[in-house]
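Engineer: Sharing a structure, written as structure tokens. Questions coming.
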Amino acid sequence: MTTNTLSKHVFSIEDFNLWYGNDQAIHQINMEIPRNEITAVIGPSGCGKSTLLKTLNRMIETIPSVHTSGSIKYNNQEIFAKKQLVEELRTHVGMVFQKPNPFPKSIYENVAYGPKIHGIKKKKVLDEIVEKSLRGAAIWDEVKDRLNQNAYGLSGGQQQRICIARCLAIEPDVILMDEPTSALDPISTLKIEELIKELKNDYTIVIVTHNMQQAARISDKTAFMLNGELVEFSDTDQLFSNPKDKRTEDYITGRFG
Ligand SMILES: Nc1ncnc2c1ncn2[C@@H]1O[C@H](COP(=O)(O)OP(=O)(O)O)[C@@H](O)[C@H]1O
Ligand SMILES: [Mg+2]
């Protein structure tokens, strides 16, 4: 995969369908995800948000019953192509989960883990990556004096920023986030939201959230999903102020979900 020429859209999704066994969870989705913007995916529980997100870095393939049809291109290259290596895709497309999931290791080791796997051994280089990633995740000042302490000793909000730093350490192009603040208190949530807005300068963010206010606060574009379909995908201001589809309007005005 070549990233020398970057496409305008990080992902181009065409006529995409996904089944868990016989149950179709994603129906005929067409969507282009713009580079260096924040795209939010909203919709009621079970509508397929996580499924769609986990497809983008092929994490979904860990579930054996899954099969798909259609096309998803990352940077103009088909992600399901036989020659496409999953490991390589995942170095470009990182992921942050709902519950902070640091390893039971030191703060330093959590962040150095990915680069080490990619063969970086020099302590000085690793030190630099760790500092840069922790700074990028807006947590350096809070942890710089205790890098050798276990990450489990941190608060939930700090752990989530460590997980974001761990993701930044592999220098991704896209960061997928699945409800990254739903396990956090309001102050930590705001910190992460501020961080996400800053990350947009250097990365493309796709964030699943069940919190419509969060989508409205931070995203440039919003996708509304219902029953596995993409009902509407618009500029966030437009979607919340002037939805095109009656189902979007019903959802954002709280009539269901
Ligand atoms: N591992 C799985 N096996 C079978 N069905 C699944 C699995 N994961 C999710 N589903 C089903 O796919 C649909 C979409 O789920 P999901 O993507 O988790 O929705 P959301 O993230 O919007 O809540 C739901 O009907 C759910 O029950
Ligand atoms: Mg989900």
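Engineer: For I63, which of the numbered conditions (1) of a type in the set (V, I, T); (2) farther than 23 Å from D202 by Cα; (3) without any contact (Cβ under 8 Å) to a residue 24 or more places away in the chain fails to hold?
Structural biologist: (3)
Engineer: I've got another one for you. Examine region 29-46 for a residue that is within 15 Å of ligand 1 (Cβ to nearest atom), more than 21 Å from I175 (Cβ to Cβ) and of a type outside the set (S, T, N, Q), and state whether such a residue exists.
Structural biologist: yes
Engineer: Specify the residue that is nearest to L226 (Cα to Cα); the eligible residues are those in region 39-73 that are part of a strand (DSSP E or B) and touching a helix residue (DSSP H, G or I) at 6+ places or on another chain (Cβ under 6 Å).
Structural biologist: Filtering first and then ranking leaves I42.
Engineer: Of the conditions (1) in a helix (DSSP H, G or I); (2) touching a strand residue (DSSP E or B) at 6+ places or on another chain (Cβ under 6 Å); (3) under 27 Å from T91 (Cβ atoms); (4) not charged (D, E, K, R), I192 satisfies every one except a single condition; which number is it?
Structural biologist: (2) is the only condition that I192 fails.
Engineer: Just checking, does region 69-82 include any residue being within 16 Å of ligand 2 (Cβ to nearest atom), in contact (Cβ under 8 Å) with a residue 24 or more places away in the chain and out of contact with any His (no Cβ under 8 Å at 6 or more places or on another chain)?
Structural biologist: No, that holds for no residue.
Engineer: Among the residues of region 189-216, what is the count of those that are under 12 Å from E179 (Cα atoms), among the polar types (S, T, N, Q) and either within 16 Å of ligand 1 (Cβ to nearest atom) or under 15 Å from the mean Cα position of the chain (by Cα) (or both)?
Structural biologist: Of the residues in region 189-216, 3 are under 12 Å from E179 (Cα atoms), among the polar types (S, T, N, Q) and either within 16 Å of ligand 1 (Cβ to nearest atom) or under 15 Å from the mean Cα position of the chain (by Cα) (or both).
Where a number appears in this text, it was derived from the coordinates with a stated rule and is not lab data. Small disclaimer: the values here were computed from a predicted structure and weren't measured. Virtual Cβ from ideal backbone geometry, glycine too; neighbours counted across all protein chains shown.
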